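S.K.: Below: one structure in structure tokens.
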Amino acid sequence: MTVNLVIGTQWGDEGKGKVVDYFSKDADYVVRYQGGSNAGHTIKVGEEVYKLHLIPSGVIQGKTGVIGNGVVLDPEMLIKEIDELKKRGIKLKLLIGDRTNIIMPYHKILDGAEEKYLGDKKIGTTKRGIGPCYSDKVARKGIRAIDLIDTNTLSKKLDDIIPIKQRILDVYNIDKKLNKKEILDTYSKYGEKIKKYITTTHIELNKAVKNNKNIILEGAQGTMLDVDYGTYPFTTSSHTIAGGSSIGTGIGPKHIDDIIGIVKAYTTRVGEGPLPTELFDKNGKYLQQKGHEFGTTTSRPRRCGWLDLVVVNHSCMISGITKLAITKLDVLDGLSTVKICTHYSLDGKKIDFFPADIEDVKQCKPVYKEFKGWRKIKESSSGFSDLPEEAQKYLKFIEKKLEVPIAIVSIGPGRKETIEV
Ligand code: IMP
């Protein structure tokens, strides 16, 4: 039995989908536990490309996908994904936590309204209603999956919530009247459609642990978007770090065997907020074009920069990462020089930790170690020693600096383009 956790160590989009898919071959369950349809996971199987926002990517391999209680679930989006996967011949095995909070229409409207109100101080959210839904959950005003299958409860809850939301919309000058009957009808229908999947996933998962099943916990976003340990307030609203997986699944921390940190060989970020190693030159453009760095969820171009080990070290420490998976190493092919940030310089002092104050982060100047680049990684590379010598040096430096072993290196989007170290 193993419970493996896969998390992003940067600002999301590290290539978790591919790594989860890779590890899923021996899994019985693949579990999402935080975030919602703000995430976007791309999995390439042969010539088929799957883009999923909510359903755990392991379902493509016939595994049981679980949407844990820590997720915020948009049922409209979920039903679209279910229909699409079924159309493409996937036999779907899916369980949804009964305590999962539901994204309601007013959450999406408010996400847009708050961003508009913030103007040039906006977070750059995906506008999927994530923040407003998590806010309601913590304020104990959420609608949960279990409520969707009981029209009476849903109706009573909406009676309490809608007048408050209407007043907030009015404050934001949003000309939209929330229609309780329409919302109740639509969400009751969603409930009808998904009720067969709604269950006590925390009990199912703990039974699976007892029965020696293999479980993969699939993180969304990355450490630097964690609401406590990320670049607050330019973060998402959930716990993207390892600790979040126990909260969001109901599996106790002692059952987790390996915590696999996904490290993209360079850095990207979508949305606003500081990015110390951001490149504004031709190298930044090169990484963006070669790495196809455009958001899966919003299609926004991702900001690109050199690998930042201050960030990854912060992630390794906070999440107790036991293994690393390096992704998109091939994107660095063809550069004459590649750089890794090892420290920051702040007010003339060298620091090796990530500051809490966003104004300090903005002042941090990266201190780099330069590496000679390499021409091209052979697609047929199957072992570490097949990699160009310069790429090996780059990877060994990362491993040594972080004091965490590299388990796999991804050199392309396909399943086969993966090297076990
Ligand atoms: P929200 O999660 O939609 O509230 O967005 C908050 C911040 O997190 C924004 O900067 C988004 O661009 C970023 N974000 C949310 N989900 C992802 C993701 O899956 N990958 C990368 N960035 C994300």
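The values are calculated or read from the model by the stated rules, or taken from the named source; none is laboratory data. Note that the coordinates shown come from a computational prediction; the quantities given were computed from them, not determined experimentally. For neighbour counting, all protein chains shown are included, and Cβ atoms are generated from backbone atoms with ideal geometry for every residue, glycine included. Protein only, heavy atoms only, side chains kept; ligands, DNA and RNA dropped before computing areas. Shrake-Rupley method; radii C 1.70, N 1.55, O 1.52, S 1.80 Å.
S.K.: If the limit is 28 Å between Cα atoms, which of K137/K213; K365/K401; K156/K195; K213/K378 go over it?
M.R.: From K137/K213; K365/K401; K156/K195; K213/K378, over 28 Å: K137/K213; K213/K378.
S.K.: Moving on. Given H placed on each backbone N at 1.01 Å, which residues far from D74 in sequence or on other chains put an amide H within less than 5 Å of it?
M.R.: Here S37, I103 satisfy the definition.
S.K.: Related question: Taking only Cα atoms and a 10 Å spring cutoff, compute GNM fluctuations for the chain and point out the largest among A220, A356, A265.
M.R.: Result for the chain, Cα springs under 10 Å: A356 fluctuates most.
S.K.: Report, in listed order, any pair from K25/K207; K362/K396; K25/K86; K254/K393; K25/K323 with a Cα-Cα distance greater than 27 Å.
M.R.: K362/K396; K254/K393
S.K.: Any of K93/K127; K165/K290; K193/K416 with alpha carbons more than 32 Å apart? Name them for me.
M.R.: Table pairs above 32 Å Cα-Cα are K165/K290; K193/K416.
S.K.: State the percentage of accessible surface on the chain attributable to carbon and sulfur atoms; use a 1.4 Å probe and exclude ligands, DNA and RNA.
M.R.: Roughly 50 percent, rounded to a whole number.
S.K.: What area, in nm² and to one decimal, does the C-alpha convex hull of the range 34-145 cast on average over all directions?
M.R.: Computed as one quarter of the Cα hull surface, the answer is 7.7 nm².
S.K.: In debye, nearest 20: dipole of the chain around its Cα centre with unit charges on the Cβ of K, R (+) and D, E (-)?
M.R.: For this selection, approximately 620 debye.
S.K.: Also, quick follow-up: Quick one: accessible area per residue over the chain, 1.4 Å probe, rounded to a whole number of Å²?
M.R.: 44
S.K.: Indicate, rounded to the nearest 5 percent, the antiparallel portion of the DSSP beta bridges found entirely in the chain.
M.R.: Of the beta bridges lying entirely in the chain, close to 40 percent run antiparallel.
S.K.: Now a separate question. Using 0.36 nm per residue, how much length does the chain from D185 to D159 gain when fully extended, once their Cα-Cα distance is taken away?
M.R.: Length gained, D185 through D159: 8.0 nm.
S.K.: Simple spin-label model, 7 Å along Cα-to-Cβ: N152 to D120 in nm?
M.R.: It works out to 5.6 nm between the two label points.
S.K.: Give me the distance in nm between label points sitting 7 Å out from Cα along the Cα-to-Cβ direction at E399 and E47, one decimal.
M.R.: For the pair E399/E47, the computed spacing is 3.7 nm.
S.K.: Okay, moving on. Within the range 270-421, what percent of beta bridges assigned by DSSP are antiparallel, to the nearest 5?
M.R.: For the range 270-421, the DSSP antiparallel bridge percentage is about 75.
S.K.: Can you grab the distance from the C-alpha centre of the range 1-66 to the C-alpha centre of the range 184-238, Å, no decimals?
M.R.: Rounded to whole Å, the Cα centres lie 12 Å apart.
S.K.: Among V361, V311, V19, which one shows the biggest mean-square fluctuation in a GNM of the chain, springs joining Cα atoms closer than 10 Å?
M.R.: The residue with the greatest mean-square fluctuation here is V361.
S.K.: Right, next: Assign unit charges at the C-beta atoms only (+1 for Lys and Arg, -1 for Asp and Glu), then state the dipole size of the range 229-355 relative to its Cα centre in Debye, rounded to the nearest 20.
M.R.: Computed charge dipole of the range 229-355: roughly 180 debye.
S.K.: Keeping all protein chains in place and using 1.4 angstrom, which order do R375, R144, R300 fall into by accessible surface area, from largest down?
M.R.: From most exposed to least exposed: R375, R144, R300.
S.K.: Build a GNM of the chain with springs between Cα atoms under 10 Å: which of K137, K63, K254 gets the top mean-square fluctuation?
M.R.: Largest GNM mean-square fluctuation: K254.
S.K.: Given N residues in the chain, what is Rg(Cα) / (2.2 N^0.38 Å)?
M.R.: Normalised Rg, Cα atoms only: 0.98.
S.K.: Name the residue from Y394, Y187, G17 whose Cα lies farthest towards the positive end of the charge dipole of the chain, charges +1 on Cβ of Lys and Arg and -1 on Cβ of Asp and Glu.
M.R.: Y187
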